[in-house]
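**Student:** Take a look at this one; I'll ask things after.
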Amino acid sequence: MKRKVFKQIIKEFWIQSLISILWGIYRVYFSEEEDNKFTVFISNFSAALFLLSWMFGQFVRVKKQQKIEEEFGAVKSSIISLTENLKAQTKDLIGYSTGGDSIAYFTPSFMKGKKGISLHLTNQSEYPVFDIQVEWIDLNEQVDLANGKFWTRHNHLFGNLYPKKGIMDALRFNFSDDHDLRINLFINTRNKHVSQALRVISIDGVPKIAYRIMGDELIKRVIPDDFPGFDPENPDKTFQ
């Protein structure tokens, strides 16, 4: 143990000691004849050793401080990276187990001969959509609200839908030139609710489709410029 301590002292102070000895010898060599050589050597050696030890100590302290800061920066970067990775993994875990913020909605297209509308249920989200339940009402249905006769609510269950997947022809509606379509759909999943408005009308025998998808905010709205009653200043008026 003592030998290790002695070796460490030699390692830490040999440069300062060597320079101090040389400085002491130099001062003795150029001292006056009447000066005590030993006293001159000791005073200059000790002063030089003290000054050099202090300077080397400051250098070592700054060097160690810089090393500590670099190591701290590396640890901080590792913690940030680990935290971000953990957040991403947690998001994926929640997303794949509950659906996260994923939603499902319908995209319309014309059936053959343009005598009907086919709705394709799609999930363009990052995670699955679970427990899809759809209700829809036909706003053209005759109702008597005063006597409690409301629109018929049609129910459909579609189960689960995985990312970037879809169900073709999930719903179909007949359409003719003298009959427009005004359908409202309500899509409920395990943790989300989406409402969708579908409007179809024929202009000179050419059917036009407008639809709007709403979640917590507007998701998508498609309205042809020549759709009857379309107001660019108030596009939602189309779906009233």
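What follows is calculated from the coordinates using simple rules that are stated; it is not laboratory data. Note that the structure is a prediction, hence the values are computed from the model and not measured. When we count neighbours, we look across all protein chains shown, and the Cβ atoms used for this are built from the backbone with ideal geometry, even at glycine.
**Student:** Going toward the positive end of the dipole of the chain, with +1 on Lys and Arg Cβ and -1 on Asp and Glu Cβ, which of Ser43, Ile103, Asn191 do you reach last?
**Tutor:** About the Cα centre, the residue reaching furthest to the positive side is Ser43.
**Student:** I would also like to ask the following. According to the square roots a ≥ b ≥ c of the eigenvalues of the Cα gyration tensor, what is the shape class of the chain, taking rounded for a/c under 1.5, prolate for a/b larger than b/c otherwise, and oblate for the remainder?
**Tutor:** prolate
**Student:** Please give the contour-minus-distance gain from Val75 to Ile219: 0.36 nm per residue of separation, less the Cα-Cα distance, rounded to one decimal in nm.
**Tutor:** Once the chain is fully extended between Val75 and Ile219, it gains 47.7 nm.
**Student:** Sorting Val40, Val200, Val75 on the 10 Å Cβ count, fewest up front, what's the list?
**Tutor:** So the ranking, lowest neighbour count to highest, is Val75, Val40, Val200.
**Student:** How do the peptides 123-134, 205-216 rank, highest first, by the average count of neighbouring beta carbon atoms within 10 Å per residue?
**Tutor:** Packing proxy ranking, top to bottom: 123-134, 205-216.
**Student:** Given Cβ point charges of +1 (Lys, Arg) and -1 (Asp, Glu) and nothing else, what value in debye, to the nearest 20, does the dipole of segment 105-239 about its Cα centre take?
**Tutor:** Values: 17 positive and 18 negative charges, 108 e Å.
For this selection, approximately 520 debye.
**Student:** Now for a separate question. Cut-off 18 Å, label point 7 angstrom out along Cα-to-Cβ of Ile19: give me the residues of segment 42-58 whose amide nitrogen falls inside.
**Tutor:** Of the residues in segment 42-58, 43-58 have backbone N under 18 Å from the label point off Ile19.
**Student:** Okay, next question. Work out the FRET efficiency for Glu126 and Asp204 from their Cβ-Cβ distance, taking R0 = 41 Å, and round it to the nearest 0.05.
**Tutor:** That gives a FRET efficiency of 0.45.
**Student:** Between Thr90, Thr98, Thr39, which gets the highest mean-square fluctuation from a Gaussian network model of the chain, Cα cutoff 10 Å?
**Tutor:** Thr39
**Student:** With labels modelled as points extended 7 Å from the Cα through the Cβ direction, what inter-label distance (nm, one decimal) is found for Phe50 paired with Ile94?
**Tutor:** Result: 6.5 nm between the two label points.
**Student:** Right, here's the next one. Nothing charged except the Cβ atoms of Lys and Arg (+1) and of Asp and Glu (-1): what's the magnitude of the dipole of the chain about its Cα centre? Round to the nearest 20 debye. Don't skip to the answer; put the middle values down first.
**Tutor:** On the way: 31 positive and 29 negative charges, 286 e Å.
Once rounded to the nearest 20, the dipole reads 1380 debye.
**Student:** If you don't mind, there's one more thing I want to ask. Give the angle, between 0 and 90 degrees and rounded to the nearest 10, that separates the Cα long axis of helix 37-98 from the longest principal axis of the Cα atoms of the chain.
**Tutor:** 10 degrees
**Student:** Please give the helix 2-29 orientation as an angle from the longest Cα principal axis of the chain, in degrees from 0 to 90, rounded to the nearest 10.
**Tutor:** 60 degrees
**Student:** How would Leu119, Leu22, Leu49 line up from fewest to most surrounding beta-carbon atoms within 10 angstrom? Write out the running numbers ahead of the final one.
**Tutor:** Values: Leu119 24, Leu22 12, Leu49 18.
Arranged by neighbour count, lowest to highest, Leu119, Leu22, Leu49 become Leu22, Leu49, Leu119.
**Student:** Turning to a different aspect of this structure: With the contact rule set at Cα under 8 Å and sequence spacing of 6 or more, what percent relative contact order holds for the chain?
**Tutor:** Averaging sequence separation for qualifying contacts and normalising by length gives 13 percent for the chain.
**Student:** When each pair of different Cα atoms in segment 84-158 is counted once in the 1/r mean, what is the Kirkwood radius in angstroms, to one decimal?
**Tutor:** Taking the inverse mean of 1/r over all distinct Cα pairs, segment 84-158 comes out at 15.7 Å.
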